[in-house]
Amino acid sequence: MYLKNIFSPITIRGIEIKNRVRMSPMAVGYAEDGWATEVFARFFEERAKGGVGLISWALWPYQTVHGYFPWVFDDKFIPGLKLVADAVHKHGTKIVGQVGTGYGWSFKDGLTEIVGPSGVSLLGRPSTPYRVGTPTNRQRLAERPLTIDEIHQMIKGYGQSARRIRAAGFEGVELMLGAGYTLARFLSAETNKRTDEYGGDLDGRMRIHREIIAEIKKQAGNDFPIFVKISGAQFTKGGYTVEECASEICPRLEALGVCAIDVVVGWHEAPRGMMSNSVKPGEYLYLGEAVKKKVKIPVICGDRTNDLRDAEQAIAAGKIDMITLGRQLLADAETCQKAQAECFDDIRPCMCCAWCLETVDTPCICAVSPRTGRETIYTREPASKSKRVVVIGGGPSGMEAALVAAERGHKVTLFEKEDQVGGLLELAVLAPHKEDTKFLLDYFRTQIGKSGIDLRLGKQAIAAEVLAMNPEAVIVAAGAKPFIPNVPGITDPKVVMAKDVLLGTKPVGDRVVVVGGGMVGSEVAEFLAPKCKKIVILEMMPRIAGDVTRALRFDLIMRLRKAGIQMETDLEVTRISARGVWGVRKTFQHGPNEDFYEADTVVIAAGNKALGCLFEEFTGVFPVYTVGDANKASNVKDAIKSAFLAAMEI
Ligand SMILES: Cc1cc2nc3c(=O)[nH]c(=O)nc-3n(C[C@H](O)[C@H](O)[C@H](O)COP(=O)(O)OP(=O)(O)OC[C@H]3O[C@@H](n4cnc5c(N)ncnc54)[C@H](O)[C@@H]3O)c2cc1C
Ligand SMILES: Cc1cc2nc3c(=O)[nH]c(=O)nc-3n(C[C@H](O)[C@H](O)[C@H](O)COP(=O)(O)O)c2cc1C
Ligand code: SF4
């Protein structure tokens, strides 16, 4: 067998796990007022059926500000937890309940507060980098130091949660000591400044964890396995290092009876990309490897290691014992079983866009998999009647529409005017750090090739031809066209389109002005950075890359700054002259307000304009669905979702 190590069983403190793949805990938010319902059960059941060995499910031992996260602070929630545990057990998958994600707690009055050991914020302002169920009103954003009595209440709360988790039939409990959440903040000397028994040296800072573990054993039983997820290194200025984590913290956790450790990367406040697309697959496995050298219990690691072939190598080399997959299992529930069957081409890849993180405080979505979290709504049953369906355009929306329609039993013809399917994805993958988008493009192309769809490449769909095919439904997925600002000088020969730059079809000078600082403009600027002496991005809106998800944007902006790219916002371009670009600062109140930026080349990245349906002849003849950029110029997430919904409706 190819993935021999991945698909070999492992026993952790008596839990027999069928393979070495663990699903990472993710705050996906599918609960209803804190209750786990069928929605959660079907979500996890699909992943269990898809072959994952162990699931870790994030649960909340306190009341979050909203009820999207599953609560475990009262016995009344046990039946919901059991519903999920039973669903995954049907497929031989084991499940543990994670507690400890978040910055908050709710004490007697039920109000959720942001609490921590000492009230330290590493952001230089009172705020949490991720909400995860914490308050958002300004007055309550600062971390409030916990009293000793409150710490004791929390310890009891963790113990009771573990008891409930066991009562629901879970195999174990997991403590979240990573990412900079409350329990992690006790661990670190940078955030724990307490002078009482819960602070001081490492023993003092780990007192709360010792007491939580003792309380779990007391309430849930001495034999109830306790897993820990911990940051392998903080990556903050005065935070603990990987050496300290591996040599000092993890051996102490092992001595306390922890059965396995998942080593995760960094803290939310750390000034570096951890889950973004600039992180290479497997980049942080070394953190797990360092811990494994210092403990005897199994070490779990992963994060940005989506391909089980990479994980196989890490396990075979003895670096880690288990891999943990997060987002890849949102993108494709069947990742494990497809990998085991060596059908790697059939795995729908996560494109590392972070839309799931963007929606973390609501029911979470996956950009490439509209079914995720909606398994109860969108079942995989075939359509009641097989129909003749024509899809016009082979970009991501057209490809998704064609694949879903074909999977549902329709006879699909797909027209693409170019000689390959892909649409704008072909351009998207040319920018730096877009390897995951390329995986998605490759996936779509392979699946279209295998699908049996009648693919007409190099063929521009024209109304008469489509009408002659007598279709029963048509999906128009013909994309958008670039928006070109109507300003004097726009026809100057030094003005080029973003597309020309990425394809290298037009020469670019030393001094470049990029007009438009959304995702495309920012990525084109980064693409040009190694080739040009001076790059300025001019953006009309108040933020650069405002259409990029927060997790990716933060990393992108850091990279643009590092590359020396000048970024100007609130600036509307008014004219292009022989020497450069003129613009008006929208927020400027007094005096002359025109700015000038020298340029040898002006790159237009001012967005796209939807083309709409374009085929009036179809009106009233058969149902027509206009999807993707053709309907509203946006992104891959919206393209795939609109296409999926259209194909599900036919
Ligand atoms: C440089 C760049 C980078 C981007 N990066 C990202 C990113 O990282 N993440 C993200 O989410 N989005 C990104 N986008 C946006 C994303 O690519 C688009 O939103 C998405 O491709 C829209 O998909 P679509 O299928 O609706 O349209 P398109 O991708 O434009 O596909 C339309 C297809 O229809 C074909 N077509 C048109 N008319 C006809 C006809 N009459 N007959 C047959 N075929 C026809 C076209 O040839 C084309 O292949 C990027 C866009 C650009 C330009
Ligand atoms: C939507 C989302 C929610 C998450 N919530 C949690 C959580 O509640 N607890 C936790 O320990 N990690 C959480 N994580 C982090 C994941 O467990 C994992 O460490 C991270 O996604 C990196 O792994 P990946 O690249 O395989 O996705 C979350 C990640 C995502 C994408
Ligand atoms: S939303 Fe994006 S990052 Fe998250 S799982 Fe889906 S494809 Fe991956």
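Bear in mind these aren't lab numbers, they're just calculated from the coordinates by the rules spelled out. As the structure is a prediction and not an experimental result, all values here were calculated from the model. Here Cβ is always computed from backbone atoms with ideal geometry, including for glycine, and neighbour counts include all displayed protein chains.
Odds and ends about this structure:
- For Ile114, the residues whose amide H sits under 5 Å from its own are Arg144, ignoring neighbours fewer than 5 places away on the same chain, with H placed 1.01 Å from N.
- Charge context of Glu243, other residues only, Cβ under 12 angstrom, K/R +1, D/E -1: 0
- Summed residue charge, Cβ within 9 Å of Ile148's Cβ, Lys/Arg positive, Asp/Glu negative: -4
- For segment 495-606, DSSP calls about 40 percent of its internal beta bridges antiparallel.
- Relative intensity, log₁₀ I(q)/I(0), of the chain from a Debye sum that treats every alpha carbon as a point, q = 0.05, 0.07, 0.10 Å⁻¹: -0.26, -0.50, -0.98
- Pairs from Lys94/Lys217; Lys49/Lys292; Lys49/Lys296; Lys417/Lys637; Lys280/Lys562 whose Cα-Cα separation, in the structure shown, is over 25 Å: Lys49/Lys292; Lys49/Lys296
- Put in order of Cβ neighbour count within 10 Å, fewest first, the listed residues Cys366, Cys613, Cys336, Cys343 become Cys343, Cys613, Cys366, Cys336.
- Per residue, the convex hull volume that the Cα atoms of segment 10-358 enclose (Å³): 122
- Between amide H atoms placed 1.01 Å from N, distances below 5 Å from Tyr130 occur with no residue 5 or more places distant or on a separate chain.
- Taking the helices alone, the chain has a mean residue ellipticity at 222 nm of -8000 deg cm²/dmol, built from -39,500 (n - 2.57) per DSSP H run of at least 4 residues and averaged over all its residues.
- Translational diffusion of segment 540-650, estimated by Stokes-Einstein from the Kirkwood radius over alpha carbon pairs at 4 °C in a medium of 1.567 mPa s, is 73 µm² per second.
- DSSP beta bridges confined to the chain are antiparallel in about 25 percent of cases.
- Above-threshold pairs, the threshold being 31 Å between Cα atoms, out of Lys459/Lys609; Lys499/Lys534; Lys76/Lys218; Lys218/Lys319; Lys385/Lys450: Lys218/Lys319
- Cα pair distances exceeding 18 angstrom across segment 1-142, given as percent: 60
- Computed about the Cα centre, the dipole magnitude for segment 495-606 is approximately 240 debye when only Lys and Arg (+1) and Asp and Glu (-1) carry charge, each at its Cβ.
- The trypsin sites (Lys or Arg not before Pro) found in segment 46-137 that occupy coil by DSSP, while having at most 12 further C-beta atoms within 10 Å, are Lys90, Lys108.
- Span-like helix ranges in the chain, DSSP H, alpha carbon extent 15 angstrom or more, Kyte mean at least -0.5: 78-89, 396-407, 550-562, 636-649
- Among residues other than Glu381 with Cβ under 12 Å from its Cβ, the summed charge is +1 (Lys and Arg +1, Asp and Glu -1).
- Reachable aspartates and glutamates, given that their alpha-carbon falls under 13 Å from the alpha-carbon of Lys411 and they are not under 8 places away in the same chain: Asp454, Glu472
- Applying 1/(1 + (r/R0)^6) with R0 = 41 Å to the Cβ-Cβ distance of Ala578 and Arg550 gives a FRET efficiency near 0.55.
- For Gly200, the residues 5 or more places off, or on other chains, whose built amide H falls under 5 Å of its own are Arg194.
- Segment 495-606, Cα convex hull volume normalised per residue, Å³: 95
- Rounded to the nearest whole Hz, the Karplus-based 3J(HN,Hα) values (6.51 cos²θ - 1.76 cosθ + 1.60, θ = phi - 60°) of segment 424-434 follow the sequence 5, 4, 4, 7, 4, 6, 7, 6, x, 6, 10, with x at glycine and proline.
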